[in-house]
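These notes concern the structure reproduced below.
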Amino acid sequence: MIREPRGGVVDQAMIVFHPGPGSYTGEDLAEIGCHGNPLVVDRILGLLSSTGLCRPAQKGEFTRRAFLHGKMDLMQAEAVAALIDATSAAGCEMARSLLQGGLSGHVRSLQDAITGIIADIEASFITEDESLEPAGVTGRILPLCTAVHGLLGDARARARIYEGIVTTIAGLPNAGKSSLFNAILGYDRAIVHHEEGTTRDVLREHLRLDGVDFIFHDTAGIRQSASGPEQLGVEKTLHALRASDLLLYVVDARQGMQPHEHRWLDLAGKTIVVMNKIDLVAGGAAPDTVHTTVPVSAKHGTGIRDLMSAMTRAFPHDDTPVFMERHASLLEKTGGSLDSCRKAIEEGLTLDAIAIDLRQAAGYLSRMTGESAEEDILEKVFSRFCIGK
């Protein structure tokens, strides 16, 4: 029982002691499990504070202490926040892999290899017996350049997968956008009507396809002659296109792609042209020669699975562990320093000049793990955490 100073019962709770160094932070910890009513929680916290023996934790303070006690490196600490903030199933998996050291092991291997080269260069300055040829250094640097570029992959695409692929369905009025929206989701979410302009707002839904989360937006038809409420819908559509990772541009196969439609196809990150109503076209739909084209009949469900496959192929869910901007930026700088080192050798520069680039590359990797991270970087990382983590 947790009681007030005068003996009154506050709550019936469970208290678990986690001795260090095996605890989350590496320190002695006590965890209180009480009923979830905020009033009860606040009363217990007030009683604890009144003892003068403790204070409320700051944002990310538990994870920061875990980092400072060597329980995890800075990348793994960032993974804790990424796991909490993930809004997609794929994002949870990516954060979990990062937390388990999926990137840390690669970075440490790079650090060890670079440090080894630097040590050999410095040894060659001290003793004449340690001879080191620039060509031999090049042979050791090239695999590191390949490893860094392999880790990076398409980090920006991975960041989009972490957050969920923002997907907009757009096209001319009455092209069958809402029917396609419903066909992909598998149930009637949008109004379908033969009259043009029935969608005047942006509808949103979330769907997972082959491990990738797509956040769908069904929009109003685009046409220049729209007015009033419909014009507002068109403006929302154009804004949604510019903010989208993927555009599914729906075309009535009977009419084909109109010349003025091409200007809208490249507003999003990637575009798939969906030739709808192929059940009404005898000779098949003419494909778009620039963008991936998938023929479908939203009304009958024909081609919908082919469309879903095209969508997931556009955002391959590989095992590249880099999806956070800080990690990608530092790896890019690491790769740049290694490339400079290789070019310096080709230009005949001395080993001491080459070592400067190598130390710079090692420094970027140390900032990734947090070994040489400045205080302002730590503040920036942990300020993003919620209180209690």
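Here are the numbers for this structure:
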| item | result |
| --- | --- |
| Count of residues meeting criterion [free of Cβ contacts under 8 Å to residues at least 40 places away in the same chain and open to solvent by less than 50 Å² (accessible area, probe 1.4 Å)] in the range 96-113 | 3 |
| Criterion violated by G33 - all others in (1) touching a strand residue (DSSP E or B) at 6+ places or on another chain (Cβ under 9 Å); (2) surrounded by 11 or more Cβ atoms within 10 Å (Cβ to Cβ) satisfied | (2) |
| Out of R43, R65, sole residue that is within 15 Å of P5 (Cβ to Cβ) and assigned to a helix (DSSP H, G or I) | R43 |
| So F67, is it at pLDDT 90 or above, in contact with an Asp or Glu (Cβ under 8 Å, 6 or more places away or on another chain), hydrophobic (A, V, I, L, M, F, W, C) and within 22 Å of V322 (Cβ to Cβ) | yes |
| Filter result for the condition that a residue is open to solvent by 50 Å² or more (accessible area, probe 1.4 Å), aliphatic (A, V, I, L, M) and more than 30 Å from D210 (Cα to Cα), over V16, V40 | V16 |
| Filter result for F17 (among the aromatic types (F, W, Y) and either within 21 Å of A95 (Cβ to Cβ) or touching a residue at least 60 places away in the same chain (Cβ under 8 Å) (or both)) | no |
| Scope the range 62-95; condition open to solvent by less than 30 Å² (accessible area, probe 1.4 Å) and of a type in the set (S, T, Y); matching residues | T63, S88 |
| Residue that is modelled with the highest pLDDT [pool: residues in the range 351-389 that are under 21 Å from A86 (Cα atoms) and among the aromatic types (F, W, Y)] | F382 |
| Hits in the range 350-360 - residues which are open to solvent by 80 Å² or more (accessible area, probe 1.4 Å) and hydrophobic (A, V, I, L, M, F, W, C) | I356 |
| Which numbered condition G233 fails, given (1) of a type in the set (G, A, S); (2) at pLDDT 90 or above; (3) open to solvent by less than 10 Å² (accessible area, probe 1.4 Å) | (2) |
| Complete set of residues in the range 361-381 that are free of Cβ contacts under 8 Å to residues at least 24 places away in the same chain and surrounded by 15 or more Cβ atoms within 10 Å (Cβ to Cβ) | G363 |
| Residue that is farthest from the chain's Cα centre (by Cα) [pool: residues in the range 1-13 that are open to solvent by 100 Å² or more (accessible area, probe 1.4 Å) and within 15 Å of G46 (Cα to Cα)] | R6 |
| Strands (runs of 3 or more DSSP E) contained in the range 236-346 and holding at least 1 residues crowded, with 16+ Cβ neighbours inside 10 Å and touching a residue at least 60 places away in the same chain (Cβ under 8 Å) | 246-252, 270-276 |
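The values are calculated or read from the model by the stated rules, or taken from the named source; none is laboratory data. Keep in mind that this is a model prediction, so the values were computed, not measured. As a convention, Cβ positions derive from the backbone with ideal geometry for all residues, glycine included, and neighbour counts pool all protein chains shown. Keep in mind that these areas ignore ligands, DNA and RNA; they rest on the heavy atoms of the full protein, side chains included. Shrake-Rupley method; radii C 1.70, N 1.55, O 1.52, S 1.80 Å.
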